[in-house]
Amino acid sequence: MKSGLGSEDGTTPDLEISLETVCFIIMKARQFDVKEAASEPDPGSNPTDDNDRAVLQDHADDPVQEELVSLISQLSDDEKVDLVALMWLGRDGSDASDWADLRRQAAEARTASTARYLMGEPLLADHLAAGLDALGLSCADFEAEHL
């Protein structure tokens, strides 16, 4: 069953992944992207004592990373293909006319570690947002409701 991204007039391709899911992934990826290398791998201090600075550092047990990996891993194969194709669309500066080809390439390149692949992509959130924009879609309404 399609989650139904796409317009009735055919200008936006039908996507298997919902706009809400992509927007949630973008929101979480932005939280992940702002992390910096851990300055003290095992601080052992109280978060209140360090003004919660550790939340901005990249630790092995990062809950944002765990949530993103879990969410992406639970997507269907078609949703994962759409997500990778959206990232490529935004990263490479392609336009909507390239969608079918990008989606085909993403399906052919699919691996068991889609989450790891996407999480290793610098600026994942920006690329996904640019991919949506290339298709005439936006997370503005989703962000207004959730921020």
> Can you give me the Cα centroid spacing of segment 100-147 and segment 79-97 in angstrom?
Replying inline: 6 Å
> Whose amide H sits under 5 Å from the amide H of L15, counting only residues 5 or more places off or on another chain, with H placed in the peptide plane?
Replying inline: G4, L5, G6
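Once the other residues with Cβ under 14 Å from the Cβ of D92 are scored (Lys, Arg +1; Asp, Glu -1), what is the net sum? Kindly include the intermediate steps, with their values, before the conclusion.
Details: positive: R91, R103; negative: D95, D98, D101, E121, D126, D133.
My count for the surroundings of D92 gives -4.
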>> Output wanted: per-residue J couplings in Hz (rounded whole) for segment 92-108, from phi through Karplus 6.51 cos²θ - 1.76 cosθ + 1.60, θ = phi - 60°, x for Gly and Pro.
In response: 8, x, 6, 10, 4, 5, 8, 4, 4, 5, 4, 5, 4, 5, 5, 5, 5
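All of the numbers you see were taken from the coordinates with simple rules; none came from a lab. Keep in mind the model is a prediction, meaning the values are calculated, not measured. Please note: Cβ atoms are built from the backbone with ideal geometry, for glycine as well, and neighbour counts cover all protein chains shown.
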